[in-house]
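Structure, as structure tokens:
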Amino acid sequence: MPTGARYLRYILFAFFTLACFYFYSSSSSGLQTRTGTLNEQSSLYPSGVQGITPKPTGGVPLPEADGIRVNATFVTLARNHDVWEIARSIRQVEDRFNRNYHYDWVFLNDQPFDDTFKKVTSALVSGNTKYGLIPKEHWSFPEWIDEKKAAQVRKEMSEKKIIYGDSISYRHMCRYESGFFFRHPLMLDYEWYWRVEPSIELFCDISEDPFKFMADNGKKYSFTLSLYEYEETIPTLWKSAKKFMSEHPEHIAEDNTMAFLSDDNGETYNRCHFWSNFEVGSLNWLRSPAYIDYFTSLDKDGGFFYERWGDAPVHSIAAALMLKKDEIHFFNNIAYYHVPFTHCPTGEKTRLDLKCHCNPSDNFDWKGYSCTSRFFDAVGMKKPEGYEDEK
Ligand SMILES: Nc1nc2c(ncn2[C@@H]2O[C@H](COP(=O)(O)OP(=O)(O)OP(=O)(O)O)[C@@H](O)[C@H]2O)c(=O)[nH]1
Ligand SMILES: *[C@@H]1O[C@H](CO)[C@@H](O)[C@H](O)[C@H]1NC(C)=O
Ligand SMILES: [Mg+2]
């Protein structure tokens, strides 16, 4: 057979197939009627079919497409080798929220970011990405620190097997997150930040812009998880905080959340803190004289190097003492995981509306080692319905 004729037959066959497909799909109203009949007369279900659940029409819609945006950015401190772990985090933040908002993302590093890091992250983020180098002065021992004494402490903490006890870089990281990231030139362009760490998970749609929520409701700091700090990492942190309180009473809020931090009205610290690997907060608050005075005072006391103060208790003490109760927000509806803890929203309706994929029994909020219950008591908030079942 001549090849020309064979091709003609192929083309005619393809045309016929497409035509059939067109008629079949345009008569889909008939199909819907048949499904409807099945739903109404359950006796007609073939055995093994329990029922057909129509797609729910209620619930919460996906975040609306670009509406009003707040002056805000995501911020991540990372090393070049963190690229694949931060890629996982970004993908989830984008899928659950930012793909409809396109907020910027600032990456900070004590070393220059390499091409792979920049290529991978800028491809994933739907907003602008910015890469910043941390100045040496913000990532080194300040001149008032006795480095021999600091080295001795690291040796002792390493022998006691205290987590990151022997690490210099971890200490620079904690100090940087405590006192400097919000002053990086790239961060000066924004009023709000959302901190994202490598390898986190988000389990629910984020149906309301958290930045806008903070701005509209007069919030300055927020959290999803809270817990007790290791005593060995902060033996004198409270002494230092108390010294600051007595030297700067003008910075202490009248309606503060001291009850979250202390069970004896400020005498001792109960080690409760907000877990700062997740934070949505006000940069202007961190840049305020109150916070800067606080950080400067703690920094001079040397505990970032002579102990191993974490940025989580440092931020938490600041928020609880210098903000008003209602300026700190607990995001029940942001489902979050950072090894080893999960915040899965309390309340089945919330979890279904937001298409959550976390197991509610993994929720850490109401377990014994969480401080979230104390936070609710300290600010006089009613615990959400169903919390007793998750203890
Ligand atoms: N550029 C830079 N970033 C760092 C360094 N150490 C830690 N980070 C970042 O700082 C943040 C906190 O560090 P992590 O190692 O996650 O500390 P962690 O959350 O207490 O401990 P993990 O349980 O290991 O996650 C992360 O975003 C890290 O990528 C460092 O030496 N240089
Ligand atoms: C965002 O906030 C920063 C810091 O307050 C400010 O300098 C900048 O002009 C603001 N940008 C916009 C677009 O409003
Ligand atoms: Mg981490």
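The values are calculated or read from the model by the stated rules, or taken from the named source; none is laboratory data. Small disclaimer: the values here were computed from a predicted structure and weren't measured. Virtual Cβ from ideal backbone geometry, glycine too; neighbours counted across all protein chains shown. Each accessible area value is taken on the protein alone, full model and side chains, heavy atoms only, with ligands, DNA and RNA left out. Shrake-Rupley method; radii C 1.70, N 1.55, O 1.52, S 1.80 Å.
Among residues of the range 98-113 that are closer than 16 Å to K130 by Cβ, those with a Cβ under 7 angstrom from a residue that is part of a loop (DSSP other than H, G, I, E, B) and hydroxyl-bearing (S, T, Y), sequence gap 6+ or separate chain, pair up as N98/S126; H102/S126. Checked against the criterion of being more than 16 Å from ligand 1 (Cβ to nearest atom), open to solvent by 10 Å² or more (accessible area, probe 1.4 Å) and of a type in the set (K, R), the candidates K136, K219 yield just one match: K219.
Give the range 114-124 a look and list any residue that's in contact (Cβ under 8 Å) with a residue 24 or more places away in the chain, open to solvent by 10 Å² or more (accessible area, probe 1.4 Å) and either over 27 Å from I68 (Cα atoms) or in a loop (DSSP other than H, G, I, E, B) (or both), or say none. Can you show your working first?
Filtering the range 114-124 for residues in contact (Cβ under 8 Å) with a residue 24 or more places away in the chain gives 114, 116-117, 120-121, 124.
Imposing the further condition that a residue be open to solvent by 10 Å² or more (accessible area, probe 1.4 Å) reduces the set to 114, 116, 120, 124.
D114, T116, V120, listed by residue number.
Looking only at the range 339-374, which residues are within 16 Å of ligand 1 (Cβ to nearest atom) and either open to solvent by 40 Å² or more (accessible area, probe 1.4 Å) or out of contact with any strand residue (DSSP E or B) (no Cβ under 6 Å at 6 or more places or on another chain) (or both)? Scanning the range 339-374 gives V339, P340, F341, T342, Y369.
Whether any residue in the range 369-383 is under 25 Å from F211 (Cβ atoms), within 16 Å of ligand 3 (Cβ to nearest atom) and at pLDDT 95 or above is what I want to check. No, the range 369-383 contains no residue that is under 25 Å from F211 (Cβ atoms), within 16 Å of ligand 3 (Cβ to nearest atom) and at pLDDT 95 or above. The residue that is farthest from L298 (Cα to Cα), counting only those in the range 124-178 that are in contact with a strand residue (DSSP E or B) (Cβ under 8 Å, 6 or more places away or on another chain) and of a type in the set (G, A, S), is G127.
Scanning the range 250-308 for residues that are on the phi > 0 side of the Ramachandran plot and crowded, with 21+ Cβ neighbours inside 10 Å yields a total of 0. Considering A312, A318, which residue is crowded, with 21+ Cβ neighbours inside 10 Å and in contact with a helix residue (DSSP H, G or I) (Cβ under 8 Å, 6 or more places away or on another chain)? Answer to the selection: A318.
Going by what's in this entry, would S282 be described as in contact with a strand residue (DSSP E or B) (Cβ under 8 Å, 6 or more places away or on another chain) and in contact (Cβ under 8 Å) with a residue 40 or more places away in the chain?
On the way: in contact with a strand residue (DSSP E or B) (Cβ under 8 Å, 6 or more places away or on another chain): yes; in contact (Cβ under 8 Å) with a residue 40 or more places away in the chain: yes.
For S282, the condition - in contact with a strand residue (DSSP E or B) (Cβ under 8 Å, 6 or more places away or on another chain) and in contact (Cβ under 8 Å) with a residue 40 or more places away in the chain - is met.
Restricting attention to the range 176-189, the residues being more than 12 Å from V75 (Cα to Cα) and within 16 Å of ligand 3 (Cβ to nearest atom) number 2.
Identify, please: which residue in the range 68-88 is open to solvent by 40 Å² or more (accessible area, probe 1.4 Å) and assigned to a loop (DSSP other than H, G, I, E, B) and is, among those, modelled with the lowest pLDDT? The residue in question is I68.
Please count how many residues of the range 191-216 are among the charged types (D, E, K, R), more than 30 Å from K155 (Cβ to Cβ) and within 15 Å of ligand 1 (Cβ to nearest atom). Before you say what the answer is, go through the steps one by one.
First, pick out the residues of the range 191-216 that are among the charged types (D, E, K, R): 191, 195, 197, 201, 205, 208-209, 212, 216.
Within this subset, residues satisfying the condition of being more than 30 Å from K155 (Cβ to Cβ) are 191, 195, 201, 205, 208-209, 212, 216.
Still in the list and also within 15 Å of ligand 1 (Cβ to nearest atom): 195, 201.
Number satisfying all stated conditions: 2.
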